[in-house]
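Notes follow once the structure below has been shown.
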Amino acid sequence: MNDGSLARTIERDWVRLSLLAWGLIALYYVINRWTGIHFLQLGDTDDNMRLMQVRAWLGGQGWYDLRQYRLNPPVGFDIHWSRIVDLPIAALIVLLRPFVGVREAEMLACGIAPLLPLGITILGLGATVRRLVSPVAWPLAIALLAFCCVATMLMYMPERIDHHGWQLAMLSLTVAGLCDPRGPRGGAIVGLASAVSLTIGLEMLPYAAMAGAILALRWIWDRDGAQRLSVYALSLGGGCAIGYAAFASYANAALRCDALTPVWLSVMVVAGALLFAMAWTNPANRWVRLGLAVVAGGVIVAGFAMVFPQCLGRPEQVSPELAANWLNNVREAKPIYQHPFRTAFPIVVLPIVGVIGAAIATWRARGTARGGLWAPVLLFVTFAALMLLWQARAGPAAQMLAVPGSVALIWWLAPVMLASSNIFVRVFGTAAVVLIASGSFAGAVMTPVDLRWTGLNLHYSPPDRPTKRVQTINRASASCPTMTAMTPLNRISAQTVFTFTDLGPRLITLTHHNAIAGPYHRNGDAILDVQHAFKGTPENFRAIAKRHGATLLLVCPNMSESTNYRVRAPNGFYAQLAHRKTFDWLEPIDLPRGSPLRLFRIKPEQTVRHPIRLRY
């Protein structure tokens, strides 16, 4: 096959070849991470809770009932997610369990499901790069995504079954729709992708709003964009309405601010109606179009403020105490500049390069049809990069959206270097272009732990400590939630266990026991109860445990959360327990030798029992 026929094949069969590349990448990750798949190493509390949500549904819990009854029993608590991400996980379990059994079906489903949205992401980026750079440039986009977008790829790893990968996939379709030369199709893709993402969760709401603003700006600048805007408006409003009707839980029928409830549904429907009306009138004067857009934006903002004033603050609507003790300390929610340099630098390099590349490509394509496609993408990727100044959790999206600009830089500069008559320039110049334009040079200061936001110690940020202390915390946070550490608890009859907030979801996933709290804002009262119990007096702990019906106490010494209790309340119950103080109402229960956990039975008042010894 000569170069010409190879190029034609790459251009003609790009979808089939992209899916082949996705299949090979997926197979590699399944093989590479088989141990984690086999031991169900769901590293984040959200991944554990997602599996529990699927189990509850397959076990007979209603489609619209998302209350998790095994946390804070017997009433449980409502989680703000939808079931849309549960579907592929549940489908894989149902498909596989007749052949391999329930446990292996869950294990395989949790390994495979996160890789499904990766295929959509590859196709979305491929479509974008084909339109903006070259019809044969899409393999470079796949290579950059797979090898250089470290923060992004973490969201697709086996066992990462929560919603982030699917929302990133919708974001890749959004950017593809923004640069689609066919206006109605592009508008429909952006509108539907935004609607699906919002139905999953509100994390990508700023990106959805920015995409809509870009389409409105495009229409203001050129009234030929009216058809694109009108189709987008109908797709957004209609898609959100369908998403709400099909997936919103009973609890989300209330006027809450943290999900696609009637609050945000009404905003999207009204916004869609106003945008459609603007596009339908489509005045010839650009200034009139600008005026209509300003009025529509003012109506939406003012109406939101008047009708839903409770949503003007934090969407979680937690108490000031819980915000100070918990939400304000979530590391990924802090701006990127508040993170250590070795963590922040590898995250921000590629987004910066992507913005530069998109800006240069837009400038070089000015006055052409391709320039009109690059401009909205430039605005979108710049917005994504700036989101890092708000929260570091924007890193995966910012890196993924940097791929088109990075590809454009390499596609432009690499041939220049290769065409040089100087062999030094051809070899080292080309290598420098690839290393810089891909952001790969940042790897010199990156360690795997720096980008591992998926650990169970995510929700607490202890004060800076010496390196050895940090290593101790990391070891405890990694070892306590393992299957090896947790499954011996199943030898004790099912009970309610009082344990750390960050251990709650993992405990109910791996054992038949119930827990008190998980790190979810709708579980706020229970989270505060756990904090008050561990930081207060022993008598206070006992009273809170009794109120929740807890008969067992499980702790993980040196875990990040426990370290916070010991440091912030040096005279509190947990600090006393950590210093090996004994209490006559706590009865130690032996665990296997080397277990990182400590387990106690909480004795009923005025009852004395002999210690329980489990034989292994």
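The values are calculated or read from the model by the stated rules, or taken from the named source; none is laboratory data. Since the structure is predicted, the reported quantities are computational estimates derived from the model, not experimental observations. Heads up, the Cβs are rebuilt from the backbone with ideal geometry, glycines too, and the neighbour counts pull from every protein chain shown.
Which members of segment 208-220 meet the condition of being more than 15 Å from Gly243 (Cβ to Cβ) and either at pLDDT below 95 or touching a helix residue (DSSP H, G or I) at 6+ places or on another chain (Cβ under 6 Å) (or both)?
Passing the criteria: Met210, Ala211, Ile214, Leu215, Ala216, Arg218, Trp219, Ile220.
Can you pull out the residues in segment 147-191 that are over 21 Å from Val129 (Cβ atoms) and aliphatic (A, V, I, L, M)?
Leu154, Met157, Ile161
Report the residue count in segment 297-333 for those that are free of Cβ contacts under 8 Å to residues at least 60 places away in the same chain and either assigned to a helix (DSSP H, G or I) or small (Gly, Ala, Ser) (or both).
Number satisfying all stated conditions: 19.
Does segment 549-557 include one or more residues that are small (Gly, Ala, Ser), in contact (Cβ under 8 Å) with a residue 12 or more places away in the chain and surrounded by 19 or more Cβ atoms within 10 Å (Cβ to Cβ)?
The answer is yes; a qualifying residue exists.
Please go through segment 244-282 and give me each residue that is of a type in the set (Ser, Thr, Tyr) and in contact with a helix residue (DSSP H, G or I) (Cβ under 6 Å, 6 or more places away or on another chain), ordered by number.
Result: Tyr244, Thr261.
When you check Thr368 against the structure, is it hydroxyl-bearing (Ser, Thr, Tyr), surrounded by fewer than 20 Cβ atoms within 10 Å (Cβ to Cβ) and closer than 22 Å to Gly186 by Cα, yes or no?
In short, yes.
Output the residues belonging to segment 403-438 that are touching a residue at least 60 places away in the same chain (Cβ under 8 Å) and either hydroxyl-bearing (Ser, Thr, Tyr) or not in a helix (DSSP H, G or I) (or both).
Scanning segment 403-438 gives Ser406, Ser438.
Hey, can you tell me all the residues within segment 280-295 that are over 12 Å from Asp222 (Cβ atoms) and in a helix (DSSP H, G or I)?
The answer is Trp280, Thr281, Trp287, Val288, Leu290, Gly291, Leu292, Ala293, Val294, Val295.
Take the residues in segment 196-236 that are within 17 Å of the chain's Cα centre (by Cα) and of a type in the set (A, V, I, L, M); name whichever of them is surrounded by the most Cβ atoms within 10 Å (Cβ to Cβ).
Top of the filtered list is Leu198.
Within segment 509-586, considering only helices (runs of 4 or more DSSP H) that don't extend past its boundaries, which have at least 2 residues that are outside the structural domain of Leu327 (by TED's automatic domain parsing) and hydroxyl-bearing (Ser, Thr, Tyr)?
560-568
Taking Trp363 and the conditions (1) over 15 Å from Leu178 (Cβ atoms); (2) touching a Ser or Thr at 6+ places or on another chain (Cβ under 9 Å); (3) among the aromatic types (Phe, Trp, Tyr), which numbered condition does it fall short on, given that it satisfies the others?
Evaluating Trp363 over (1) over 15 Å from Leu178 (Cβ atoms); (2) touching a Ser or Thr at 6+ places or on another chain (Cβ under 9 Å); (3) among the aromatic types (Phe, Trp, Tyr) leaves (2) as the failure.
Do we have Arg506 as touching a residue at least 60 places away in the same chain (Cβ under 8 Å), under 19 Å from Arg598 (Cβ atoms) and either touching a Lys or Arg at 6+ places or on another chain (Cβ under 7 Å) or part of a helix (DSSP H, G or I) (or both) here?
yes
Please state which one of Leu96, Leu66 is within 24 Å of the chain's Cα centre (by Cα) and among the hydrophobic types (A, V, I, L, M, F, W, C).
On inspection, the qualifying residue turns out to be Leu66.
Of all residues in segment 285-343, count the ones that are farther than 30 Å from Ile527 by Cβ and modelled with pLDDT of 90 or more.
Final tally of qualifying residues: 20.
How do the helices (runs of 4 or more DSSP H) wholly within segment 1-92 filter down when requiring 3 or more residues that are free of Cβ contacts under 8 Å to residues at least 60 places away in the same chain: which remain?
Answer list for segment 1-92: 3-12, 14-32, 45-58.
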